[in-house]
Amino acid sequence: MRLDRIDHIGVAVDDLGAALELYRGPLGLPEVHRETVSEQGVEAVLLDVGEGHVELLAALDPDTPVGRFLAKRGPGLHHVAYRVTDIDLALRDARTAGLRLLDEEPRRGIRGTRVAFLHPAATGGVLTEIVQPPEVH
Ligand code: CO
């Protein structure tokens, strides 16, 4: 699998407003995108940091993946996302290498991306996302 670079780190937050005060304030990162993904039960905010991003994730409901994460572990680092050029190829490579996947097929991410998650058991306890950016027309 060829990973081009780190695309973003995902951070689970209890209080999006308070987290944004920190990230936009003392940490000085500009907010560039905000999107609610109802099928994942999450509100995501992207902040720019150089070529990469921080993705703040707030649960819309306790009974969602991020809601359950927050209940179990509290707020903090949630996942690391690597950028790839071809997510279908990356998933094929991951399968060939015997890596356990959470997503057998790519699904819709925020900002027109295609994303898939590898199982943290396959990646040393780090929930790992791969991201293919949208085609630029
Ligand atoms: Co992400």
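The values are calculated or read from the model by the stated rules, or taken from the named source; none is laboratory data. All of these numbers come straight from a predicted model, not from anything done at the bench. Positions of Cβ are generated from backbone atoms using ideal geometry, with glycine treated the same way; all protein chains shown enter the neighbour counts. Accessible surface is based on the protein model in full, side chains and every heavy atom, while ligands, DNA and RNA are left aside. Shrake-Rupley method; radii C 1.70, N 1.55, O 1.52, S 1.80 Å.
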When (1) in contact with a Lys or Arg (Cβ under 9 Å, 6 or more places away or on another chain); (2) farther than 30 Å from PRO26 by Cβ; (3) at pLDDT 95 or above are applied to ARG92, the one that fails is (1)
Could you list, in sequence order, all residues of region 65-89 that are within 15 Å of the ligand (Cβ to nearest atom) and either over 25 Å from PRO133 (Cβ atoms) or part of a helix (DSSP H, G or I) (or both)? PRO65, VAL66, PHE69, GLY76, ILE87
Flagged in region 23-55 as open to solvent by less than 30 Å² (accessible area, probe 1.4 Å) and under 22 Å from ASP4 (Cα atoms), in numbering order, are LEU46, LEU47, GLY52, HIS53, VAL54, GLU55
Within the set of pairs 6+ apart or on separate chains, which have a first residue in region 1-24 that is more than 15 Å from the ligand (Cβ to nearest atom), a second that is open to solvent by 70 Å² or more (accessible area, probe 1.4 Å), and C-beta atoms under 6 Å apart? ASP14/PRO75
How about region 90-129: which of its residues are part of a loop (DSSP other than H, G, I, E, B), away from the ligand (no atom under 16 Å from the Cβ) and within 22 Å of ARG73 (Cβ to Cβ)? ARG100, GLY124, GLY125
